[in-house]
Amino acid sequence: MAFQGKKLINDPNDVVTEFIEGLVETYPGLQYLDGFPEVKVVLRADVSGATYNKVAVISGGGSGHEPAHAGYVGEGMLTAAICGDVFASPPVDSILAGIRAVTGPMGCLLIVKNYTGDRLNFGLAAEQAKSEGYKIETVIVGDDCALPPPRGIAGRRGLAGTLLVHKVAGAAAASGLPLAEVAAEAKRASEMVGTMGVALSVCTLPGQVTSDRLGPGKMELGLGIHGEPGAAVADLQPVDVVVSHVLNQILSQDTNYVPITRGSRVVLMINGLGATPVMELMIAAGKAVPKLQLEHGLAVERVYTGSFMTSLDMAGFSISIMKADDIILHRLDAATTALSWPVGVAGNRPPAKIPIPMPPSPLTRNVESINRPLELTQQGRILEIAIEAGANAVISLRDSLNEWDSKVGDGDCGSTMYKGALSILEDMRKCYPLNDAAETVNEIGSSIKSMGGTSGILYNIFCKAAYAQLKENTQSEITPKKWAEALEAAIASVSKYGGATAGCRTMLDALIPASTLLNQRLNAEDDPCSAFLFSSEAAMDGAESTKAMKAQAGRSSYVSAEILASVPDPGAMAAASWYRAAALALKQATNTSS
């Protein structure tokens, strides 16, 4: 049975914008960046990146989880919240705008819930901000205890326990600690908390028809916060039974989700999902506390009950348990002006909105630096040849990549890569500053945006990280060893934000062997051109070896091993092909010039 949910809204496309407008009128301590509808950032009215002398703490994600995340902006908690559309990751430009608006010389901590879109978009924004000179650290929170140890790289989702991490990090930052210590406290807190949810209904997205997949008398166990199906559907049980099941799941010694054992001190959060009356939440809290004390032997130090991270109008609740000590309790008890912790709000009403900040002038690139030079140096000419060869290799491989991807993915890998390669060739002829290798790599990242999708973001992250590494060497010639260091840094960033490592059947299975062999050859003082050439063979071998790998990322993770064994990973083959073509071109160009 499907039905159209009733909503007190105007245009469904404007709900997030209009929510933020109402929020800042209600709470004078908050502002938003004047960039609607593209940029949706809520920030503290008393903070400016130009003058702020403490670590900024930024989080965010899709809207529809109110009061998360904008409701936790305030002194002692978040400095800014980045709001995506309903259940959609915020775009990179919004995240960057937030970073630039509130980050001062002490730097910025990004707290990111463990969803692929959030990891990638916040990751790319982090790399871009680093390239502009900002100090950035990232902590990814995955507190979901609903499923057994996950297959692949997706990992545990970020749920309501993320708010406890926000509070710990915000209090640490407010105390004046440096960025590394704030990040360390946030990471430690994220490792101490586990969450599991229970739903009685499916949420209704604004303007959309909703299906009641549960039906009467059913509940879902182990759901996320985006209306996705839970781990299991069961008959509706008394709340006493439900609470016992959830607590047992979170504290199971078999799964070891959280480092909590008998005698531990803990904090308990009972979180409503949007349509659960306070009465029912208090009943759940009243049942949970004695069970934790008497059945599990835990000391319950704090209890938070209310609707903190919702899923629109979903009926149900989640339970979070965090291991506590004196430090964590001190951070949780520290004063905050965040409106939904909750505390009182004071202060005069400032302007409701402020302009979107631009990168500070010392970080802004000179326009002339991104113009193609009239005359190329020898290194500039070799770089041009290598880029052109790599792009053409990808273009020629389009049909093969699409054919492989039709068996293990959605069939568009070749077309996507083809689009990116064409953009690179077109932009190179117009504006690449080829005599400046670092800036050229940065511009390649900008060109690749046209690819779209996950591949576009991953390659953009790849180029931004390589650029940041090369930029450290702008005062001296970029040697083969420095290129190798840039490749290594780029691979590390893609792995960090994408989640994949060697053996996951991704492009890294081509690039990691290439990087390893390249470093070995250069350390052995091999001829640089030969070193790149041999490493490109390792890239091709690595890409071919993906046939024998079990997919752990993307759509391929749903494909049978029999089908996977018939084709290599398209992304790995594309990476190996452009790397191989560039290495061959480098060898030929060097021989010709000598």
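Annotations for the structure displayed:
- Bins of 10 Å, starting at 0 and running to the largest distance - Cα pair percent for the stretch 170-248: 15, 32, 21, 21, 11, 0
- Top positive-direction residue, dipole computed over the chain with Cβ charges, set 247, 60, 275: 247
- Tilt relative to the chain, helix 116-131 - C-alpha long axis, 0 to 90 degrees, to 10: 60
- The chain: antiparallel DSSP beta bridges as a percent of all, rounded to 5: 55
- If R0 is 56 Å, the Cβ-Cβ spacing of residue 184 and residue 374 corresponds to a FRET efficiency of close to 0.65.
- Against the chain, whose longest principal axis comes from its Cα atoms, helix 278-290 is set at around 90 degrees.
- Of interest is the spacing of the C-alpha centroids, which for the stretch 192-207 and the stretch 220-290 amounts to 11 Å.
- The label point for residue 524 and the one for residue 335, both projected 7 Å from the Cα toward the Cβ, are 6.5 nm apart.
- Three-way shape label, the stretch 365-593, alpha-carbon gyration tensor, a/c 1.5: prolate
- Estimated vicinal HN-Hα couplings, Hz - the stretch 494-508 in sequence order (Karplus 6.51, -1.76, 1.60; Gly, Pro = x): 4, 5, 4, 8, x, x, 7, 9, 4, x, 8, 6, 9, 4, 5
- Estimated Rh, the chain: Kirkwood, alpha-carbon pairs, angstrom: 25.6
- From phi via Karplus (6.51, -1.76, 1.60), per-residue ³J(HN,Hα) for the stretch 75-81 in Hz, x at Gly/Pro: 4, x, 9, 7, 8, 7, 10
- Check: the chain dipole with +1 on Lys, Arg Cβ and -1 on Asp, Glu Cβ, in debye: 620
- Amide H contacts of residue 63 (H built 1.01 Å from N, in plane; Pro and chain starts excluded): 84, 85, 86, 87, 88 sit under 5 Å, all sequence-distant by 5 or more or on other chains.
- Between 0 and 90°, nearest 10: helix 239-250 axis offset from the chain longest Cα axis: 30
- The mean sequence separation of alpha-carbon pairs under 8 Å and at least six residues apart, normalised by the residue count of the chain, gives a relative contact order of 13 percent.
A short reminder: the numbers here are calculations on the coordinates, not readings from a lab. From a predicted model like this one, the values you see are computed outputs, not experimental measurements. A quick note on method: Cβ atoms are made from the backbone with ideal geometry, for glycine too, and the neighbour counts reach across all protein chains shown.
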